[in-house]
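I have placed the structure first, in the form of structure tokens, so that the comments after it can refer back to it.
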Amino acid sequence: MAEKNSSEQSGSPDYETLLQRCADKAYNFALRLSGNSVEAQDMVQEAFARAFEHRNKYDPSRPLDAWINKILFNLYIDAQRRYEKRHSVSLDSPPPTENDSSWSDILPGPDREPIDFMMKSENEKIVHEALQTLPLHYRTAVTLFDIEGRSYEEIGKIMGCGIGTVSSRLHQGRLLLKKVISKLEKHGEVARRD
Amino acid sequence: MTEHIDAIQLSRYVDGEIPRDAQDAVEQHLLDCVLCAEQMQGLRDTKLRLVSMPHHVAPAELMRKLKGRYMKPSWSHRIRIWFTPSQVWKPVGALAAVAAAMALWVLTASHEPDVVSLAPLVAAHSRYEAESLVPSGDILSSDYSAQLAAYHAQIR
């Protein structure tokens, strides 16, 4: 894209490899952020569109996939904020219809099922589910460092914070994750016994 | 025993993100402090579970859309593809070669009927006739065998 934006290069096998690599990385990151394959695909498409639109802002000294991940992260934060603004409602306020007993009966729960078919191992299912419970900044730091293999510095650039903040978020994220995983595993064992 | 290791420092140690001398100090402390060693092991186990998460490939549908949008091949590339022998071009080339050979044969072959010279045949017939070898009239009634015997005797 910005690395190879001439029409001559856009059809070459190198360009195709680059596109595939960036798309794979972006898709994995989006999948861990959103927890949903369909949403992840939409996010990746949107991120690529933004990257293409602002290709003159790309710094060629940095990897292209890191830049796309940064765009992806910003897009996700914006989407979350928009969603929260539009859907925020007090649970104490009366429900829209008289037949419904409370807001919790109307509001949808977390959407977990669309990705289940992709998860091959029990570990992946549990860790993925646990990741979805983490606050966004912890989830992002843990995903980028431990799953995507990025450095503290790269994560700092993607998340727009310093290395100290990155290590703190990573630590908090892992501690929380450990608690959630052990809870989920206990719950799973109880369910299996029953 | 020295003070417990700072939690974030321990996390950085697990990530291999602290300088060599600090790393030695942490390792020395972990030998003596069960609490810090347990905490470190917990962090390491969680990290291992995360590291072992598989990487998914972008779905084919997504790739199709991205390639369709960001991979418009150049004209020179398209032309190169057209002139690269491929699975389609090979049979097309073979058919074209056969068609060319047939066209060449049709164009070069003469459409006039062959003119066969009858002169040698006529000459031979005349010679046989002169030597009375060609039976005349009814072949059954003619004394063909006697004539043939006479001819043999003559040439001997």
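Values as computed for the structure displayed
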read-out	value
Which numbered condition B:Gly68 fails, given (1) more than 30 Å from A:Thr143 (Cα to Cα); (2) loosely packed, with under 11 Cβ neighbours inside 10 Å; (3) modelled with pLDDT under 90	(1)
Filter result (crowded, with 18+ Cβ neighbours inside 10 Å and either facing chain A (nearest Cβ under 7 Å) or outside any helix (DSSP H, G or I) (or both)) within the stretch B:38-48	B:Leu43, B:Thr46, B:Lys47
Flag for A:Thr140 being more than 9 Å from chain B (Cβ to nearest Cβ) and surrounded by fewer than 18 Cβ atoms within 10 Å (Cβ to Cβ)	no
Any hit, the stretch A:66-85, residues being modelled with pLDDT under 80 and either loosely packed, with under 10 Cβ neighbours inside 10 Å or of a type in the set (A, V, I, L, M) (or both)	yes
From A:Leu31, A:Leu19, residue being within 12 Å of chain B (Cβ to nearest Cβ) and closer than 16 Å to B:Met71 by Cα	A:Leu19
Odd one out for B:Ile8, checked against (1) touching a helix residue (DSSP H, G or I) at 6+ places or on another chain (Cβ under 8 Å); (2) hydrophobic (A, V, I, L, M, F, W, C); (3) at pLDDT below 90	(3)
Contacts under 7 angstrom Cβ, first residue in the stretch B:16-45 being under 23 Å from A:Ser182 (Cβ atoms), partner among the small types (Gly, Ala, Ser), 6 or more apart	B:Leu30/B:Ala37; B:Leu43/B:Ser11
Subset of the stretch B:17-37 [assigned to a helix (DSSP H, G or I) and closer than 18 Å to A:Leu170 by Cα]	B:Cys36
Tally, over the stretch A:118-137, of residues that are crowded, with 17+ Cβ neighbours inside 10 Å, hydrophobic (A, V, I, L, M, F, W, C) and away from chain B (no Cβ under 11 Å)	1
Among residues of the stretch B:130-144, those that are outside any loop (DSSP other than H, G, I, E, B) and at pLDDT 70 or above, counted	1
Residues of the stretch B:86-118 satisfying the condition of being within 30 Å of A:Asp14 (Cβ to Cβ) and either at pLDDT 65 or above or surrounded by 10 or more Cβ atoms within 10 Å (Cβ to Cβ) (or both)	B:Ser86, B:Val88, B:Trp89, B:Lys90, B:Val92, B:Gly93
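The values are calculated or read from the model by the stated rules, or taken from the named source; none is laboratory data. Everything quoted here is computed from the prediction, not taken from an experiment. Ideal geometry is used to build each Cβ from the backbone, glycine not excepted, and the neighbour counts take in all protein chains shown.
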